[in-house]
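Here the structure comes first, spelled out in structure tokens, and everything after it is commentary.
The values are calculated or read from the model by the stated rules, or taken from the named source; none is laboratory data. The model shown is predicted, which means the values in this text are computed figures rather than measured ones. With ideal geometry, Cβ positions are generated from the backbone for all residues, glycine too; neighbour counts draw on all protein chains shown. The accessibility values were calculated without ligands, DNA or RNA, using every heavy atom of the protein model including side chains. Shrake-Rupley method; radii C 1.70, N 1.55, O 1.52, S 1.80 Å.
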Amino acid sequence: MANYEDWSIKDFSEGYIDSIDDNLLPESAARDCRNFISEEIGRLRKRKGQVYLNSAALPGKIQGLYAFYLEPDIKQLIVASGGKVYRWEPINKVFIEIYSGLLKSGPVCFETCANYMVGFDGKNQPFKYNGTEATPLANAPRLGQFPVLYKEKLFVNPSDKPSQVWWSESFYPEEWPPVNYWSFADGDGDRITNLMVYQDALLIFKNRSIHVLRGTNLDDFRSETLEHNVGCTGPFAAKEFGGYIYFVGQKGLYQFNGLKAVNISDGKIPKLWERVNKSQLHRAAVAAWNNMVWFSLPIDGSTTNNLNIVCNPERGTFWPMSGIEASCFQEFISTGDFPILYSGHTTEGYVVQQDVGHSDFGLPINAYWVGRSFDQNDAYRLKKAKKAFVEDSPDTENEVTLLLALDYNDYVQMETVANDGLAREYRFPREMQGRWRYISPKFVHDTEGPCEVRGLMIPYKTKRKPRVKSPPAS
């Protein structure tokens with residue numbers, strides 16, 4: 001009789017992959033998962049939670065967030081909701097209205113100039129705000145959208161001019177000479193979706209192309225088309241991180257280095273991308289947080305963002321997260337040097353603090369991780385096992401549930417028989433103590449508190465000879 005061997009998983013860092021057949025996945029990959037993440041080899045933890053910043057909802061869904069810093073005294077969190085703009089008052093913990101008269105739906109974008117910030121919605125008179133008072137921004141294009149400061153000039157895209165950018169005089173955002181405009185692939189049937197400053201140049205994103213404007217003024221400006229078939233889907237759908245731009249395109253998630261855009265999702269999560277509602281990708285939002293890039297997207301027919309895909313750019317791994325409904329993101333430093341990540345709710349008037357605590361608004365976070373079906377590199381021989389062991393983190397408050405599936409059958413919950421606080425022993429139920437070829441593990445944690453798994457081990461023994469039995473004759 002063969003002796004027992006130990007099969008173990010100590011690495012979960014490959015993330016979610018759906019581009020490879022189940023039994024060929026890397027051992028450290030998940031064939032399905034939600035709300036678990038491995039940020040370092042040997043540790044699989046449940047994501048942290050969410051809390052509302054404001055206890056009373058604002059009048060509409062969140063249309064934009066902005067961190068307004070005017071040194072040395074002004075550090076204000078700005079939010080647009082229901083056609084109005086507010087600032088957060090941290091002492092009284094309420095939002096104070098500072099401006100109204102904007103669209104009640106659609107994005108509102110902000111930018112900081114020398115002495116004030118400005119806001120544009122692409123339809124109504126833009127405004128300026130100095131930390132105390134908000135007033136109309138004189139002479140600025142009423143239909144301007146996506147404001148960005150480049151070479152001390154305020155640039156916008158007029159919503160009725162889908163291929164043009166207009167800009168103000170240097171240092172004077174209320175002076176807009178009629179000659180200050182530039183066209184990018186005019187007549188291509190596409191429209192500008194986003195403006196960003198990157199590598200001392202102005203990036204102009206369309207839905208299906210990327211352009212750049214370099215120089216300091218109208219006399220020496222020069223433009224170039226960098227991508228002819230790839231573009232960004234919306235004003236909140238791109239973020240700079242680690243020297244690259246990460247953005248959402250019509251065909252996937254992209255990394256851009258200033259010359260070329262590379263699809264980083266197609267080789268790993270093409271099936272998950274198929275579920276994305278492409279008609280609503282103009283709502284996508286991107287954030288960079290804790291050395292990860294967050295992509296907020298609508299899937300399965302949703303018209304709002306209902307899936308968050310966290311990407312580790314260094315390793316090229318992906319971690320799908322549910323329960324995070326973000327219309328936009330904003331880092332904000334109120335005191336000290338530690339930023340807080342806020343998001344705007346997609347359907348309600350709440351600003352949400354992300355990555356805090358261990359529950360979503362007081363409710364448990366439902367998380368699971370499903371490994372590949374393992375055959376111990378020998379599917380031809382039958383195996384047998386009776387026990388399994390899971391190593392916990394000392395911070396785990398409520399133990400993870402272990403389920404196992406044999407030979408692609410249904411998952412069955414294992415019974416805990418011992419627990420010393422760091423390791424737990426599980427027993428296979430009697431009906432699972434027969435022979436098998438493949439075994440697939442699943443972790444589930446749907447209770448409050450932190451959860452971290454550091455390893456799984458299953459002692460098993462293998463028959464010495466390959467065995468294949470024909471089914472009984474009918």
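Computed quantities for the displayed model
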{"read-out": "Residues satisfying the stated conditions in the stretch 37-59, i.e. open to solvent by less than 20 Å² (accessible area, probe 1.4 Å), farther than 19 Å from P313 by Cβ and modelled with pLDDT of 95 or more", "value": "L44, K46, G49, Q50, N54"}
{"read-out": "Some residue of the stretch 408-426 being open to solvent by 50 Å² or more (accessible area, probe 1.4 Å), in contact with a Pro (Cβ under 6 Å, 6 or more places away or on another chain) and of a type outside the set (D, E)", "value": "no"}
{"read-out": "Residue within the stretch 433-447 that is modelled with pLDDT under 90, open to solvent by less than 70 Å² (accessible area, probe 1.4 Å) and more than 21 Å from E39 (Cβ to Cβ) present", "value": "yes"}
{"read-out": "Sole residue being at positive phi and of a type outside the set (V, I, T), chosen from F171, F205", "value": "F171"}
{"read-out": "Residue within the stretch 213-222 that is more than 22 Å from A30 (Cα to Cα), part of a loop (DSSP other than H, G, I, E, B) and under 15 Å from the mean Cα position of the chain (by Cα) present", "value": "no"}
{"read-out": "Residue count, the stretch 179-212 (criterion: part of a loop (DSSP other than H, G, I, E, B), touching an Asp or Glu at 6+ places or on another chain (Cβ under 8 Å) and open to solvent by less than 60 Å² (accessible area, probe 1.4 Å))", "value": "3"}
{"read-out": "Residues of the stretch 160-178 satisfying the condition of being in a strand (DSSP E or B), under 26 Å from K239 (Cα atoms) and open to solvent by 40 Å² or more (accessible area, probe 1.4 Å)", "value": "W166"}
{"read-out": "Matching residues in the stretch 126-159 - criterion: being closer than 20 Å to D186 by Cα, surrounded by fewer than 22 Cβ atoms within 10 Å (Cβ to Cβ) and touching a Ser or Thr at 6+ places or on another chain (Cβ under 6 Å)", "value": "L143"}
{"read-out": "Unique match (being open to solvent by 30 Å² or more (accessible area, probe 1.4 Å) and within 26 Å of F205 (Cβ to Cβ)) among G106, G101, G119", "value": "G106"}
{"read-out": "Filtered residues of the stretch 272-288 (kept if open to solvent by 30 Å² or more (accessible area, probe 1.4 Å) and either in contact with a helix residue (DSSP H, G or I) (Cβ under 8 Å, 6 or more places away or on another chain) or not polar (S, T, N, Q) (or both))", "value": "E274, R275, K278, H282, R283"}
{"read-out": "V356 being β-branched (V, I, T) and open to solvent by less than 30 Å² (accessible area, probe 1.4 Å)", "value": "no"}
{"read-out": "The stretch 64-88: number of residues that are touching a strand residue (DSSP E or B) at 6+ places or on another chain (Cβ under 7 Å) and modelled with pLDDT of 95 or more", "value": "16"}
